[in-house]
Amino acid sequence: MPRPGFSLDVTPAQLREAAGIGDRTIAAALFQAGLMLQNEWMEMLSQPGHGSFYPKGIRFVTIAAARKVIAFFDEAEGRLTSHTASAPWEPPAPDTGAGRASIAIDDHDLLTRLRLRVGTNVRVLLALEFGVNYPGSRVREHPGGIIIEPRPHARPAKETAVPRMNDRIVAVLRTGR
């Protein structure tokens, strides 16, 4: 059974050619949209956490008069060494910056297939996106049975960026740059 709608009996390539839009223009539009998604995703991974506070590699502890830990300082590193984790259902809080730095654009198919991917190769970001041992999780069970509730970051970044990406693609296709 045919799908509802109508057909012009032309291919997308023929429509682009008739409109004077070349593959390089489309590739430029896709690349600009990819940059928008990459920036939004990196921004999502830059938000401070509101979860647990814990020390990392303590050399000495600074304590306020009220006996509350206010900072951990590593003399060898010369920097504060504490971390405030993200709470469940908020994006992962930055720690070392490795996750944020791993968000990259894969454009090797851009000119040949007009396809662009924005992604990461850091597996822990996948685990944080969907959670671990959490009902409906897409990630394998943790060997220790630890439950990590989801900390979505990629999907919210996409949802935020898509309207602006569409606008940018339309603008590039209309102007040709």
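A few notes on this one:
- Test: residue in the stretch 113-121 that is part of a strand (DSSP E or B) and at pLDDT below 85: no
- Any pair with Cβ under 6 angstrom, 6 or more apart, that starts in the stretch 95-118 at a residue that is over 11 Å from residue 38 (Cβ atoms) and ends at one that is of a type in the set (Gly, Ala, Ser): 110/27; 111/27
- Long-range neighbours under 6 Å by Cβ, at least six apart or interchain, first residue at positive phi within the stretch 150-177, second in a helix (DSSP H, G or I): 176/25
- For residue 58, the conditions (1) surrounded by 12 or more Cβ atoms within 10 Å (Cβ to Cβ); (2) β-branched (Val, Ile, Thr); (3) assigned to a strand (DSSP E or B); (4) modelled with pLDDT under 85 are fulfilled apart from (3).
- Selection status of residue 106, touching a strand residue (DSSP E or B) at 6+ places or on another chain (Cβ under 7 Å), at pLDDT 90 or above and either under 21 Å from residue 116 (Cα atoms) or not β-branched (Val, Ile, Thr) (or both): yes
- Among residues that are modelled with pLDDT of 55 or more and either more than 30 Å from residue 148 (Cα to Cα) or not hydroxyl-bearing (Ser, Thr, Tyr) (or both), residue 30 is included.
To keep it simple, each residue is scored yes or no on (1) surrounded by 12 or more Cβ atoms within 10 Å (Cβ to Cβ); (2) closer than 25 Å to residue 132 by Cβ; (3) in contact with a strand residue (DSSP E or B) (Cβ under 6 Å, 6 or more places away or on another chain); (4) modelled with pLDDT of 55 or more.
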position	(1), (2), (3), (4)
64	no, no, yes, no
86	yes, yes, no, yes
90	yes, yes, no, yes
95	yes, yes, yes, yes
98	yes, yes, no, yes
102	yes, yes, no, yes
110	yes, no, no, yes
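The values are calculated or read from the model by the stated rules, or taken from the named source; none is laboratory data. Quick caveat, the model's predicted, so the values are computed rather than measured. All Cβ positions, glycine included, derive from the backbone under ideal geometry; neighbour counts span all protein chains shown.
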